[in-house]
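Enquirer: If you scroll down you'll find the structure; I have some questions about it.
The values are calculated or read from the model by the stated rules, or taken from the named source; none is laboratory data. The model shown is predicted, which means the values in this text are computed figures rather than measured ones. Cβ placement follows ideal geometry from the backbone for every residue including glycine, while neighbour counts extend to all protein chains displayed.
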Amino acid sequence: MHNLHAGGSCLDNLQRPLRDLRISVTDRCNLRCTYCMPDEVFGKNFVFLRHADLLSFEEIIRVARHCIALGVRKIRLSGGEPLLRHGIERLVEMLATLVDSNGKPIDLALTTNGTLLAKKARSLKDAGLARLNVSLDALDENIFHTMSGSNTSPALVLEGIAAAQACGLTPIKVNAVVKRGINESEILPLIRRFRHTGVIMRFIEYMDVGNTNGWRLDDVVTASEILSKINNEYPLRSLSPQVPGEVAKRWAFQDGSGEIGVISSVTQAFCHTCSRLRLSTDGKLYTCLFASEGTDLRTLLRTEPDDAQLQERITALWHNRADRYSQLRCAASVPSAKKIEMSYIGG
Ligand code: SAM
Ligand code: SF4
Ligand code: SF4
């Protein structure tokens, strides 16, 4: 029998419960952010997964149910760009009906680049989506073009955010990855834009995910640099975490104009509380964002295993989990293994 937590959830090798499931619903995207899917690699000759390779919604639901039985309470849809997946609202609707062992609905969220949100916010809300994160790295047209590797205007994302707010998909979190010398200058404009709006602005340290973004430590603007820049202009006070394992450190503006978050995945690793499992577009489970190997579930799902077999596969995977890549990176002892791309496991 595997380790079970007092709350009924499955514990890994470092005593961390399984709480979050992040599902990548497509490996495709309509942007080419330089830090995620650089155009030189994900250009027109790049071969994306075929439709038959993707997990169907029914297969996703089956995996989600087993994960919930093992302790998952929060599910986030991601990608690639999740709003590009045909019929995404139907998947949201199916996930929104799932409940935990106490009959409580699962906390269902989605991360999007916002470009299709103006069209889809209402149908997502109606389908039962609870929360939304929108990525937006700059307000300035040119800087946005550079960060997103596209000619898309940030105005389109702002429209999407407004549509989501109007239909009550709140509170919205807006995420910006900060790259030194590229969009550092946008930190304060983004803060000014979203203070007083109820939107929670969050800054993310640029991470060395995948093998294609040419990451260098020098390009990382650290959480403490970001915070002091903001604090100099708009004094902050720290807030306590709302839930254990929360990745963002939360801060409130002292003048009461709102809240922000900073995600310091590079300089202050949070592996010790990491309770997240990732399901890739083609049905592999990854126990860490920086993993090089996933555990294939699709073959098992398509050979009609009984539920006990599926549950056993997931339990064994979590039970053996000992990942703590970021902590080791901080200790500068990271092996230079091949890593999986973020667009494929959903960030
Ligand atoms: N396309 C959607 C979006 O951009 O929100 C969802 C998928 S994207 C992979 C999820 C999140 O990962 C985004 O907020 C993105 O900024 C973040 N991300 C991607 N590459 C990153 C990197 N190298 N470092 C830090 N965050 C990264
Ligand atoms: Fe696309 Fe999101 Fe990656 Fe940007 S961060 S390339 S929007 S998947
Ligand atoms: Fe979790 Fe891996 Fe990130 Fe550590 S490096 S917080 S274990 S995903």
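Enquirer: From (1) within 21 Å of LEU190 (Cβ to Cβ); (2) modelled with pLDDT under 95, pick out the condition that doesn't hold for SER135.
Expert: Result: SER135 fails condition (2) only.
Enquirer: Could you please find all residues in the range 189-205 being assigned to a helix (DSSP H, G or I) and under 19 Å from LYS249 (Cβ atoms)?
Expert: LEU190, ILE191, PHE194
Enquirer: Also, I was wondering about something else. Could you figure out which of (1) in contact (Cβ under 8 Å) with a residue 12 or more places away in the chain; (2) over 22 Å from ARG65 (Cβ atoms); (3) out of contact with any Lys or Arg (no Cβ under 8 Å at 6 or more places or on another chain); (4) not in a loop (DSSP other than H, G, I, E, B) isn't true of THR315?
Expert: Status for THR315: all satisfied but (2).
Quick grid of which residues meet (1) closer than 27 Å to ILE88 by Cβ; (2) at pLDDT below 95; (3) out of contact with any Ser or Thr (no Cβ under 9 Å at 6 or more places or on another chain):
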site	(1), (2), (3)
PHE270	no, yes, no
SER280	yes, no, no
LYS284	yes, no, no
LEU289	yes, yes, no
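Enquirer: Which ones in the range 38-65 are crowded, with 20+ Cβ neighbours inside 10 Å and closer than 30 Å to ASP12 by Cβ?
Expert: LEU54, LEU55, ILE60, VAL63, ALA64
Enquirer: Here's something else I'd like to know. Taking the condition of a type in the set (Gly, Ala, Ser), surrounded by fewer than 18 Cβ atoms within 10 Å (Cβ to Cβ) and in contact (Cβ under 8 Å) with a residue 24 or more places away in the chain, does GLY160 pass?
Expert: For GLY160, the condition - of a type in the set (Gly, Ala, Ser), surrounded by fewer than 18 Cβ atoms within 10 Å (Cβ to Cβ) and in contact (Cβ under 8 Å) with a residue 24 or more places away in the chain - is not met.
Enquirer: Let me ask something additional. Looking only at residues in the range 66-105 that are aliphatic (A, V, I, L, M), touching a strand residue (DSSP E or B) at 6+ places or on another chain (Cβ under 6 Å) and farther than 25 Å from ARG28 by Cα, which one is surrounded by the most Cβ atoms within 10 Å (Cβ to Cβ)?
Expert: This residue is VAL72.
Enquirer: While we're looking at this one, here's another question. Cβ-Cβ under 9 Å, sequence separation 6+ or interchain: first residue in the range 107-121 and in contact (Cβ under 8 Å) with a residue 12 or more places away in the chain, partner acidic (Asp, Glu) and assigned to a helix (DSSP H, G or I). Which pairs?
Expert: GLY114/GLU159; LEU117/GLU159; ALA118/GLU159; LYS120/GLU89
Enquirer: What number of residues in the range 250-291 are more than 15 Å from the chain's Cα centre (by Cα), of a type in the set (Lys, Arg) and crowded, with 19+ Cβ neighbours inside 10 Å?
Expert: Going through the range 250-291 one residue at a time, the tally reaches 1.
Enquirer: If you go through the range 74-97 one residue at a time, how many are farther than 17 Å from LYS119 by Cα, in a loop (DSSP other than H, G, I, E, B) and within 20 Å of the chain's Cα centre (by Cα)?
Expert: Qualifying residue count for the region: 2.
Enquirer: So if I check each of ASN102, ASN142, which one is part of a loop (DSSP other than H, G, I, E, B), more than 22 Å from MET342 (Cα to Cα), away from ligand 1 (no atom under 13 Å from the Cβ) and without any contact (Cβ under 8 Å) to a residue 24 or more places away in the chain?
Expert: ASN102
Enquirer: To continue, here is another question. Go through (1) modelled with pLDDT of 95 or more; (2) more than 16 Å from ligand 3 (Cβ to nearest atom); (3) under 23 Å from HIS145 (Cβ atoms); (4) within 23 Å of the chain's Cα centre (by Cα) for ASP219 and report which single condition fails.
Expert: Checking ASP219 against (1) modelled with pLDDT of 95 or more; (2) more than 16 Å from ligand 3 (Cβ to nearest atom); (3) under 23 Å from HIS145 (Cβ atoms); (4) within 23 Å of the chain's Cα centre (by Cα), the one that fails is (1).
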